[in-house]
Amino acid sequence: MRRLEGKRCFITGGASGLGAAIAERYVEEGAAEVVLADIDLDGATALAQTLGHVARAVRLDVSSESEWLAALDTCDALDVLVNNAGITTLGSIEEVSLEQFVHEFNVDVIGVFLGCKHVIPKMRPPHRTGGSIINMSSMCGVRAQADLVAYNAAKAAVTHLTKSCAIHFAKAGYDIRCNTIHPGLIRTPILDKVLAQSADPQALYASFVATHPLGRLGTPAEIAAIAAYLAADESAFATGAEFRIDGGSTI
Ligand SMILES: NC(=O)c1ccc[n+]([C@@H]2O[C@H](COP(=O)([O-])OP(=O)(O)OC[C@H]3O[C@@H](n4cnc5c(N)ncnc54)[C@H](O)[C@@H]3O)[C@@H](O)[C@H]2O)c1
């Protein structure tokens, strides 16, 4: 505990699910500032109020470059960026429309690209001497499924985008690390939305559990724990790495 003493953290999609759990953990770990950046400003504001004076909310649609610049402008310096905001589009190559595919990429890939790009000045001198960028991929960025063509492609793109950034930052001597987290299925609102799109939610839920050798879904706290490790100085030698926290589903 208190591993993030003095650190200034910015979490996209911080109003709900994994982002909210990460924000709570960062506050517990002693972060100096936790910015909840979300398209759902009301939700982010409500959560920030429960987290105390170190937390605050800012409106951000991660697919918009101008909104990224405005949101980051509210921060003097940052030590940690968690690119967590994401959506899930269900459907195979025959079912997903171009419009749906592009929307998935705008949020899940362009959002991460813009975050990685525009946070750099906030993590480098004269503001800071380095930082940690944590990009939320998924087990679906490792293992493909027929009915998740857009999500699979987007999360795989996030994985390689992260590795490219990690090499660039290291070569440039920026002391900025960049890693991905690959959760297995975790019961959050995004999963409930996926279940709601199904004709038989119960059967779909059972099939989700069956893909995890540990025989259960994960919890938001289990993802927040790895996000705390990656934000803390103890992970200083980790960059460009895939952290699979998935109950064994990608073995
Ligand atoms: N829950 C899972 O099982 C699971 C598994 C693997 C990966 N993930 C990934 O974890 C991340 C968080 O998922 P979650 O389960 O907490 O989902 P969630 O739906 O509970 O939360 C997502 C948050 O992102 C916000 N958001 C959506 N579009 C946005 C946009 N354009 N700009 C800014 N904010 C936006 C939402 O308002 C919400 O607060 C996502 O990237 C998701 O793909 C989730």
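Kindly provide the set of residues from segment 69-106 that are assigned to a helix (DSSP H, G or I) and either surrounded by 21 or more Cβ atoms within 10 Å (Cβ to Cβ) or modelled with pLDDT under 95 (or both), ordered by number. Steps first, answer last, please.
As a first pass, look at segment 69-106 and keep what is assigned to a helix (DSSP H, G or I): 69-73, 98-106.
Of everything in segment 69-106, those that are assigned to a helix (DSSP H, G or I) and either surrounded by 21 or more Cβ atoms within 10 Å (Cβ to Cβ) or modelled with pLDDT under 95 (or both) turn out to be 71, 72, 104.
Take residue 52 and decide whether it is surrounded by fewer than 22 Cβ atoms within 10 Å (Cβ to Cβ) and either over 29 Å from residue 175 (Cβ atoms) or touching a Cys at 6+ places or on another chain (Cβ under 7 Å) (or both). Lay out the reasoning, then the answer.
Details: surrounded by fewer than 22 Cβ atoms within 10 Å (Cβ to Cβ): yes; either over 29 Å from residue 175 (Cβ atoms) or touching a Cys at 6+ places or on another chain (Cβ under 7 Å) (or both): yes.
So residue 52 fits the description; yes.
Taking the condition more than 21 Å from residue 89 (Cβ to Cβ), surrounded by fewer than 20 Cβ atoms within 10 Å (Cβ to Cβ) and among the hydroxyl-bearing types (Ser, Thr, Tyr), does residue 129 pass? Reasoning before the result, please.
Details: more than 21 Å from residue 89 (Cβ to Cβ): yes; surrounded by fewer than 20 Cβ atoms within 10 Å (Cβ to Cβ): yes; among the hydroxyl-bearing types (Ser, Thr, Tyr): yes.
So residue 129 passes the test.
Answer yes or no: is there a residue in segment 129-141 that is within 15 Å of the ligand (Cβ to nearest atom), in contact (Cβ under 8 Å) with a residue 60 or more places away in the chain, assigned to a loop (DSSP other than H, G, I, E, B) and over 14 Å from the mean Cα position of the chain (by Cα).
Scanning segment 129-141 turns up no residue that is within 15 Å of the ligand (Cβ to nearest atom), in contact (Cβ under 8 Å) with a residue 60 or more places away in the chain, assigned to a loop (DSSP other than H, G, I, E, B) and over 14 Å from the mean Cα position of the chain (by Cα).
Can residue 169 be described as part of a helix (DSSP H, G or I), among the hydrophobic types (A, V, I, L, M, F, W, C) and at pLDDT 95 or above? Before the answer, list the steps.
On the way: part of a helix (DSSP H, G or I): yes; among the hydrophobic types (A, V, I, L, M, F, W, C): yes; at pLDDT 95 or above: yes.
Considered against the rule, which asks whether it is part of a helix (DSSP H, G or I), among the hydrophobic types (A, V, I, L, M, F, W, C) and at pLDDT 95 or above, residue 169 comes out as yes.
In segment 143-157, what count of residues is obtained for those that are in a helix (DSSP H, G or I) and in contact with a Phe, Trp or Tyr (Cβ under 9 Å, 6 or more places away or on another chain)? Give the steps one after another, and end with the answer.
So the first thing to find is which residues in segment 143-157 are in a helix (DSSP H, G or I), and the list is 149-157.
This time we only want the ones that are in contact with a Phe, Trp or Tyr (Cβ under 9 Å, 6 or more places away or on another chain), so: 149-150, 153-154, 157.
Residues that pass the stated criteria total 5.
Against the condition under 22 Å from residue 195 (Cα atoms), under 19 Å from the mean Cα position of the chain (by Cα), surrounded by fewer than 18 Cβ atoms within 10 Å (Cβ to Cβ) and modelled with pLDDT of 95 or more, how does residue 118 come out, does it pass? Full working, then the answer.
Working: under 22 Å from residue 195 (Cα atoms): no; under 19 Å from the mean Cα position of the chain (by Cα): yes; surrounded by fewer than 18 Cβ atoms within 10 Å (Cβ to Cβ): yes; modelled with pLDDT of 95 or more: yes.
So residue 118 fails the test.
So that you can scan it fast, the table gives a plain yes or no per residue for (1) more than 8 Å from the ligand (Cβ to nearest atom); (2) in a helix (DSSP H, G or I); (3) not aliphatic (A, V, I, L, M):
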site	(1), (2), (3)
182	no, no, yes
190	no, yes, no
198	yes, no, yes
205	yes, yes, yes
209	yes, yes, no
216	yes, no, yes
224	yes, yes, no
227	yes, yes, no
234	yes, yes, yes
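The values are calculated or read from the model by the stated rules, or taken from the named source; none is laboratory data. Remember, predicted model here, so these are calculated numbers, not experimental data. Ideal geometry is used to build each Cβ from the backbone, glycine not excepted, and the neighbour counts take in all protein chains shown.
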